[in-house]
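Scroll down for the structure; my scribbles are underneath it.
The values are calculated or read from the model by the stated rules, or taken from the named source; none is laboratory data. Fair warning: this is a prediction, and the values are worked out from it, not measured in the lab. No Cβ is skipped: glycine too gets one built from the backbone with ideal geometry, and neighbour counts run over all protein chains shown.
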Amino acid sequence: MSSILLLLGALSARAEDTCTAVPDPDGPLRTIQVSQIPALVAEHKGCVVLLELYASWCGTCTKTAPAVTELVGRLQPEGLVPIGVSVDSSTERMQAWRQSHGREYAPVVLESWTLGSLTQQFSELGVTFNEAIPLFVLFDKDGNAVLHLTEPKDLSVLEERARGLF
């Protein structure tokens, strides 16, 4: 019985470590296909995940960047896993934007996408994509989308909901 408890404790500790690990903000950007978005979220099952869909050319994305960086800075030590998904056409452009806006986590860049393919993949995650960015989706530890916001003016509802999931 005690060996089972030790194993459960070790598994729980590993999930917690994974959730609080801070990615290298200067690390290389990954590129993925749009069809990989659900798998990207599933990689972090057991963690509270914040997925942000954005781009360097998006004015609203740039405007909300400081608030997003602050939010992630407050919640990541508690176990929030931020996933940035960029619809930029080049990793170089996103890398330059990231450096000028101080992002503390490395986004992935979608290699090829259409509005239809984004709509389909977000639908698989239980989210309605209305073709506007930034889009923020909060997932609970079971991988269920519990909140999504498009072009938010205030991120306090996102923070409040996330804190209730830890």
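Looking only at residues of the stretch 88-115 that are small (G, A, S) and part of a helix (DSSP H, G or I), we find that the one that is surrounded by the fewest Cβ atoms within 10 Å (Cβ to Cβ) is S100. Being closer than 16 Å to T20 by Cα, surrounded by fewer than 22 Cβ atoms within 10 Å (Cβ to Cβ), free of Cβ contacts under 8 Å to residues at least 60 places away in the same chain and out of contact with any His (no Cβ under 9 Å at 6 or more places or on another chain), is that true of even one residue in the stretch 55-64? No, because not a single residue in the stretch 55-64 is closer than 16 Å to T20 by Cα, surrounded by fewer than 22 Cβ atoms within 10 Å (Cβ to Cβ), free of Cβ contacts under 8 Å to residues at least 60 places away in the same chain and out of contact with any His (no Cβ under 9 Å at 6 or more places or on another chain). Only one of these is in contact (Cβ under 8 Å) with a residue 40 or more places away in the chain, within 16 Å of I32 (Cβ to Cβ) and in a helix (DSSP H, G or I): L118, L75, L158. Name it. The unique qualifying residue is L118. Taken together, A106, A96 contain a single residue that is modelled with pLDDT under 90 and under 17 Å from G73 (Cβ atoms), which is A106. Is the stretch 152-164 home to any residue that is of a type in the set (S, T, Y) and touching a strand residue (DSSP E or B) at 6+ places or on another chain (Cβ under 9 Å)? Within the stretch 152-164, none of the residues are of a type in the set (S, T, Y) and touching a strand residue (DSSP E or B) at 6+ places or on another chain (Cβ under 9 Å). Kindly indicate whether any position in the stretch 124-141 is loosely packed, with under 13 Cβ neighbours inside 10 Å, closer than 14 Å to L50 by Cα, among the acidic types (D, E) and at pLDDT 95 or above. Checked against the condition, which is being loosely packed, with under 13 Cβ neighbours inside 10 Å, closer than 14 Å to L50 by Cα, among the acidic types (D, E) and at pLDDT 95 or above, the stretch 124-141 yields no hits at all. Just one residue in the set V157, V85, V146 is touching an Asp or Glu at 6+ places or on another chain (Cβ under 9 Å) and surrounded by fewer than 16 Cβ atoms within 10 Å (Cβ to Cβ); that residue is V146.
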